[in-house]
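What follows is a set of notes on a single structure, which appears directly below.
Derivation of every value follows stated rules applied to the coordinates shown; laboratory data play no part. Since this is a predicted model, take the numbers as computed values, not measurements. Note that each Cβ is placed from the backbone with ideal geometry, even for glycine, and that neighbours are counted across all protein chains shown.
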Amino acid sequence: MIVFNSSTLILLAKAELLDTFLAEIKDKVVIPKQVQTECCEEKQSVDALLIRKAIQDKKLFVQPLKDKRLYGKILPDFPLGKGEAEALALAASEKAWLFATDDKKAIQASKLLKIPFTTALDILVRMYEKGVLEKQEARAKLEALRKYGRYKREIIEDAKSKLEVR
């Protein structure tokens with residue numbers, strides 16, 4: 001199981017990578033209710049529509065958080081929003097093999113909690129390495145992630161160099 005936070009989900013949708021990722025991934029991809037709310041409610045943006053469609057098509061699953069105590073511990077211990085805290089609690093309680101987030105504080109929390117994480121850039125590079133994306137398309141998607149994400153120049157340059165291999 002892979003648990004997504006809003007940041008990575010929105011970035012993949014904005015970069016038009018979400019559908020391809022969900023079609024290629026063999027694992028169940030889930031989000032907690034709070035992430036669904038943050039991404040979809042009261043929004044008519046293209047990314048919100050793509051995320052809602054993925055949920056309707058049962059490619060992305062909304063899973064309730066069963067262990068509210070863990071959420072109650074994470075929220076005051078880490079400076080996270082409700083969506084990040086709920087996604088992190090869901091990843092921990094369900095023993096997800098991967099937590100997808102592009103939020104700096106959520107990344108720090110996942111490291112402290114020893115929960116493996118990935119980012120939208122990591123997903124893009126991996127899709128390119130697996131041959132899902134050709135070099136030109138991967139570069140265009142990287143540019144979209146640069147435009148919509150809050151990445152340092154060095155991080156973008158590192159991802160760009162990884163797209164030069166193969």
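Please compute the net charge surrounding residue 12, taking Lys and Arg as +1 and Asp and Glu as -1 over other residues with Cβ under 10 Å from its Cβ. Computed value for this residue: -2. Put simply, the amide H of residue 117, placed in the peptide plane, has neighbours under 5 Å in 99, leaving out anything fewer than 5 places away on its chain. Between their Cα atoms, which of 14/130; 53/135; 26/147 are more than 23 Å away from each other? Checking Cα-Cα distances, 53/135; 26/147 exceed 23 Å. On full extension, the segment bounded by residue 104 and residue 26 gains 25.4 nm, given 0.36 nm per residue less the C-alpha separation.
The H on the amide N of residue 61, modeled in the peptide plane, is under 5 Å from the matching H of 29, 30, 31, each at least 5 residues off or on a different chain. Here the relative contact order of the chain, from alpha carbon pairs under 8 Å that lie six or more residues apart, stands at 26 percent.
Take the alpha carbon atoms of the stretch 103-158, find their center, do the same for the stretch 1-54, and report the distance between the two centers in whole angstrom. Cα centroid of the stretch 103-158 versus Cα centroid of the stretch 1-54: 15 Å apart.
3J(HN,Hα) along the stretch 70-85, derived from phi through the Karplus expression 6.51 cos²θ - 1.76 cosθ + 1.60 where θ = phi - 60°, amounts to 5, 4, x, 7, 5, 4, x, 7, 10, x, 10, x, 4, x, 4, 5 Hz, with x in place of Gly and Pro. Placing pseudo-labels 7 Å out from each Cα toward the beta carbon at residue 164 and residue 93 gives an inter-label distance of 4.6 nm.
Tell me, which longest segment in the chain has none of the GluC sites (Glu not before Pro) that fall in DSSP loops with at most 11 further Cβ atoms within 10 Å?
Values: sites that count: 41, 42, 134, 164.
Between exposed loop sites, the widest span is 43-133.
For the stretch 149-160, backbone phi angles converted through the Karplus equation (6.51, -1.76, 1.60; θ = phi - 60°) give residue-by-residue couplings of x, 10, 9, 5, 4, 4, 5, 5, 4, 5, 4, 4 Hz, Gly and Pro being listed as x.
Given 0.36 nm per residue, what is the gain on full extension from residue 153 to residue 42 after removing their alpha carbon distance, in nm?
36.7 nm
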